[in-house]
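Here the structure is laid out as structure tokens; the discussion comes afterwards.
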Amino acid sequence: MKRILLKLSGEALAGDKHHGFDEPTVTVVAKQVKQLVDAGVQVGIVIGGGNFWRGRTSETIDRTKADQIGMLATVMNCIYVSEIFRSVGMMTSVLTPFECGSITKLYSKDRANKYFAHNMVVFFAGGTGHPYFSTDTATVLRAVEIEADGIYLAKAIDGVYDSDPKVNPSAKKYDQVSIQEVIDKKLAVVDLTASVMCMENHIPMYVFGLGETNSIVNAVNGQFNGTVVTV
Ligand code: UDP
């Protein structure tokens, strides 16, 4: 049985609108994840919050409070995407590391495993539950805890480059790069805290463009032209 952790950036949910949700974009994601679930893959999902809020960009309010808003943004994203997943025929559950009353269930490894065993897609919402962290770190943390076979990073860009291709037209894309090189060269894959966790826990990452046709299914089946980050 293959178990994966799929990370979707908040911006990716917004499509061309760059804010909020774009239903057609999320429906395409849902249909791809359904193919994986139908094939027996267990799928955990972490979603960023950038389509609503980023804690570190606020100059006026306290960082801890700003980050709490960011974490709640990821909860909204997970509830929305979970409902779109249900609309295409999947069973889902949204777990958070803090109590949200009857809106979500409190995260525990045992609870996640129970839902995976029932063929449910498990959304890990609310990040790590702590300020000064990111959903990158939550992604690696949950992937390690649930013993995922790999982390799949669906991004707006189609892989890892040696420099920003929007700025440098001759930027080179890596087919494969080690996590050590990602850290040494400060390549934008996941943030440093998440990179170190990934290295220490030997969990590979697969980086690919969400916008390409069937990219999630292809990445999980090993037929992708993104970047493998080795550990
Ligand atoms: N956040 C947090 N702790 C976490 C995860 C997220 O405080 O464990 C907050 C933080 O404010 C972040 C926002 O939630 O800016 C959205 O998360 P995401 O990882 O998308 O943020 P980004 O890295 O894009 O700023």
Worksheet item: Around T193, with a cut-off of 13 angstrom between Cβ atoms, what is the net charge of the other residues, counting Lys and Arg +1 and Asp and Glu -1?
Response: -3
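Loop-only check: which GluC sites (Glu not before Pro) in region 135-231 are DSSP coil with at most 15 other Cβ within 10 angstrom?
E147, E212
How do V26, V229 rank when sorted from fewest to most other Cβ atoms within 10 Å of their own Cβ? It would help to have the intermediate numbers written out before the result.
Working: V26 24, V229 28.
In increasing order of surrounding Cβ atoms, one gets V26, V229.
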Item to complete: Please give, to one decimal in nm, the separation of the simple spin-label points placed at E181 and H18, each 7 Å out from Cα toward the Cβ.
Response: 3.2 nm
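For region 129-168, which trypsin sites (Lys or Arg not before Pro) are both in a DSSP coil and crowded by at most 15 other Cβ atoms within 10 Å? Numbers along the way, then the final one.
On the way: sites: R142, K155, K166; in loops: K166.
Those that pass, being in a loop and sparsely packed, are K166.
For the residues S93, S58, S170, S9, what sequence is obtained by ranking on other C-beta atoms within 10 Å, fewest first? The partial results should precede the final answer.
On the way: S93 18, S58 15, S170 7, S9 22.
Going from least to most buried by this count: S170, S58, S93, S9.
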Response to the item:
Calculated from DSSP helices alone, with each H run of at least 4 adding -39500 (n - 2.57) and the total divided by the residues of the chain, [θ]222 nm to the nearest 500 comes to -11500 deg cm²/dmol
Practice prompt. Note down the relative contact order for the chain as a percent, whole number, built from C-alpha pairs under 8 angstrom at least six residues apart.
Written response: 20 percent
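Trypsin sites (Lys or Arg not before Pro), restricted to region 1-107: which are DSSP loop and have at most 15 other Cβ atoms within 10 Å?
Details: sites: K2, R3, K7, K17, K31, K34, R54, R56, R63, K65, R86, K105; in loops: K2, R54.
Sites meeting the loop and neighbour criteria: K2.
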Worksheet item: Given a cut-off of under 8 Å on Cα pairs at least six residues apart, what relative contact order in percent is computed for region 68-140?
Response: 33 percent
Practice prompt. Assign unit charges at the C-beta atoms only (+1 for Lys and Arg, -1 for Asp and Glu), then state the dipole size of the chain relative to its Cα centre in Debye, rounded to the nearest 20.
Written response: 320 debye
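In the structure shown, do any of K34/K65; K2/K105; K17/K173; K109/K173; K2/K31 have a Cα-Cα gap over 29 Å, and if so which? Walk me through the numbers before you get to the answer.
On the way: K34/K65 36 Å; K2/K105 24 Å; K17/K173 27 Å; K109/K173 36 Å; K2/K31 18 Å.
Over 29 Å Cα-Cα: K34/K65; K109/K173.
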Item to complete: Taking the Cβ of each residue in H130, H118 as the centre, tally the other Cβ atoms inside 10 Å and list the residues starting with the fewest.
Response: H118, H130
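Every number in this text was worked out from the coordinates using simple rules, so none of it is lab data. All values reported here derive from a predicted model rather than from experimental measurement. Cβ: placed from backbone, ideal geometry, glycine included. Neighbour counts: every protein chain shown.
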